[in-house]
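Undergrad: Right, I'll just put the structure down here and ask away after.
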Amino acid sequence: MDETLKSGLVDAVIALAHAAQPDLHRETKYGGTVFMTDAAVASSLVSGVFAYKDYVSVEFSQGAGFADPAGRLEGKGKLRRHVKLHTLADVDGKDVAGFLTQAFGR
């Protein structure tokens, strides 16, 4: 995946996160950008976006509890789930906005 596409995907996810939670706190952590509801409380981390060689991953700390009737979320951990983005169309097609809204409890 080329760097321009990766950057565009990351920027799109960050914009959607701000739309879902206008007063979110962002921090560079774990090799990506994490989204928190309170910068002073580590446990308020709800999501993050991470660029890898072949895709961009949007991670959800409590994703296992999300409504996901189309089965878009990946992962089998106790709590976390993610979606992998390969194209800009995946941002809408995999309902990143809807999952971010769930992540922020709105």
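The values are calculated or read from the model by the stated rules, or taken from the named source; none is laboratory data. Just so it is clear, the structure is predicted and the values come from calculations on it, not from any experiment. Cβ: placed from backbone, ideal geometry, glycine included. Neighbour counts: every protein chain shown. In case anyone asks, the SASA skips ligands and DNA or RNA and just uses the protein heavy atoms, side chains included. Shrake-Rupley method; radii C 1.70, N 1.55, O 1.52, S 1.80 Å.
Undergrad: Being open to solvent by 70 Å² or more (accessible area, probe 1.4 Å) and either touching an Asp or Glu at 6+ places or on another chain (Cβ under 6 Å) or not acidic (Asp, Glu) (or both) is the filter here; which residues of the range 33-55 pass it? Working first, answer last.
TA: Let us first name the residues in the range 33-55 that are open to solvent by 70 Å² or more (accessible area, probe 1.4 Å), namely 40, 42-43, 52-54.
Once the filter is applied, which keeps residues that are open to solvent by 70 Å² or more (accessible area, probe 1.4 Å) and either touching an Asp or Glu at 6+ places or on another chain (Cβ under 6 Å) or not acidic (Asp, Glu) (or both), the range 33-55 yields Ala40, Ala42, Ser43, Tyr52, Lys53.
Undergrad: Identify, please: which residue in the range 56-92 is of a type in the set (Ser, Thr, Tyr) and closer than 26 Å to Glu3 by Cβ and is, among those, most open to solvent (accessible area, probe 1.4 Å)? Outline the logic, then answer.
TA: The initial filter retains those residues of the range 56-92 that are of a type in the set (Ser, Thr, Tyr), namely 57, 61, 87.
Now drop any that are not closer than 26 Å to Glu3 by Cβ, which leaves 57, 87.
Details: Ser57: 1, Thr87: 62 Å².
Per the stated criteria, the residue is Thr87.
Undergrad: Somewhere in the range 17-32, is a residue in a helix (DSSP H, G or I), of a type in the set (A, V, I, L, M, F, W, C) and open to solvent by less than 60 Å² (accessible area, probe 1.4 Å)?
TA: So the first thing to find is which residues in the range 17-32 are in a helix (DSSP H, G or I), and the list is 17-20.
Filter once more, keeping what is of a type in the set (A, V, I, L, M, F, W, C): 17, 19-20.
Subsequent filtering for residues that are open to solvent by less than 60 Å² (accessible area, probe 1.4 Å) retains 17, 20.
Yes, that holds for at least one residue.
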